[in-house]
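The values are calculated or read from the model by the stated rules, or taken from the named source; none is laboratory data. Everything numeric in this text was worked out from a predicted model, so none of it was measured. Keep in mind that these areas ignore ligands, DNA and RNA; they rest on the heavy atoms of the full protein, side chains included. Shrake-Rupley method; radii C 1.70, N 1.55, O 1.52, S 1.80 Å.
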Amino acid sequence: MSPKQKVYQGVLEEIRNYIETNDLKPGDKLPSERELSDKLNAGRSSIREALRAMELIGVIETRRGEGTFLSKYRPYQTVEILSSFILKETTKEELLVVKALLEKEAAKLVYLKIDEEKVLELQKILDNNAMSLKEQHYSFFSYVLELTDNLLLMRIWGLIDEYTKSFTKSYSKGFYTSLVESYKTRNYLALESLFIEEKTYDSM
């Protein structure tokens, strides 16, 4: 890391600490660049760069003639922005492996909390013959990810799924039925072995 990068990173950290120390909330106004420069003992150019980065990911917003304010930040904006840079540098095989790992871990998390009503919802998806296998895969795991109650996990899976739509693949047809059956019978070992055995995808 270059000295300039270290300064820039340090300024970001200092601004974050300032926000926390002063218990600033969405809608609260930040000090001006000059005031922050004085308070944090940092150059105004570094302050300006840090504020621009924070505005890019939605942490703050600048209102002309009024100043800079904390915005109502959506915590997954950062993931959305970075995904366009990260995913395009990743191979198709790597993306599909990561996607499968997320689906496996989500299925395991859901095992701990799923009930009969939710199992029936999954079964309804599989019984819907109007959907293609690709559509069933998306609907099935969208619901599984939703049941994890982990918004970040759901968001990352959704981003990868969206990015891989043109070349994504499904599991074998019997996989989904077996997964639902493992939920019905409360058979965790069957669930675990199901993902181990499913080493390849069938093309969709």
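Listed values, structure above:
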item	result
In Å², nearest 10: area of GLU162 left accessible to a 1.4 Å probe	120
Nearby aspartates and glutamates by direct alpha-carbon distance to LYS108 (threshold 14 angstrom, same-chain neighbours under 8 apart not counted)	GLU146, ASP149, GLU181, GLU192
Shape of the range 95-204, Cα gyration tensor, a/c cut at 1.5	rounded
Surface accessible to a 1.4 Å probe, ASP23 within the full protein complex, Å²	100
Accessible-area ranking of LEU191, LEU159, largest first, probe 1.4 Å	LEU159, LEU191
Area accessible to solvent at ARG16, 1.4 Å probe radius, in Å²	100
Accessible surface ranking that places the most exposed of ILE156, ILE19, ILE196 first, with a 1.4 angstrom probe	ILE196, ILE156, ILE19
